[in-house]
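The block underneath contains the structure these notes are about, expressed in structure tokens.
Taken together, the values in this text are just the output of simple stated rules run on the coordinates, not laboratory data. Bear in mind that the values here come from a model prediction, so they are computed numbers and not experimental data. Cβ: placed from backbone, ideal geometry, glycine included. Neighbour counts: every protein chain shown.
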Amino acid sequence: MEGITVEECIHLLSRIEDKARERFWKDAVAGKYPIIDLQGNMGYSFSDQDGMLFVRNDFVTSTYEVGTFVFGSFFLPDTIQELLSEDKVLLLGVYRKKTRNLLLAKLDAESRYMLDLPRGLYSFFVLVLDARAGTPLASKIYAAGLPGKENLNKPELEKFFLEHPTDIRDFLDSSPVEIKGGGPFYLTLILIDASLIPDCPEFFSELLQEDEVSSSL
């Protein structure tokens, strides 16, 4: 199954209507936890007493579909922890292949989160952006994240990464994740420095400008 690329993630964000995307970004940099889809529909995550964020699922479906709980967390190598600060925004993207819709949510790197997703194939990705940018599409991309091939909430794996930091890309898996019955599912997203990702643009605008040039030829 074909996986999602950083370039495709950027294209998905650029398809959201400008005013809706700007409203989402304004709330995200203000410390709120907004959620938006490709149609510009917005909502907000809420947390329980233990601090787990429930990311509302606003995918539109024509018929009732059985949902499955997905619990997620982030694995942050030392190099990424150094990048994170108050002027960064972490965005989680969930793309459903069947409906070709995107759910985008602002989270914190230390957050544990939960989604209720209809069964199907999903691509998950994370982008760490500059909160000082006027819009997400004007931001620098500091880091990106994809699911790991293994559950990284294990001390022995964390020890491995500390000893072999250059091997972290071997544990990334961009393939769509099948959410099916028998859950809940547990998903760990690995964040890595964007400069270590082949062909990853430093700014959103770089890729979008390339598209404009290509379309004019």
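Given points 7 Å out from each Cα along the Cα-Cβ axis, report the residue 54 to residue 112 separation in nanometres with one decimal. Simple spin-label model gives 1.6 nm for this pair. Of the GluC sites (Glu not before Pro) found in the range 82-121, those that fall in a DSSP loop while having at most 16 other beta-carbon atoms within 10 Å are 86, 110. Full extension of the segment from residue 81 to residue 149, taken as 0.36 nm per residue of separation minus the current Cα-Cα distance, would add 22.4 nm. For the peptides 120-130, 66-76, the ranking by mean Cβ contacts within 10 Å, running from highest to lowest, is 120-130, 66-76.
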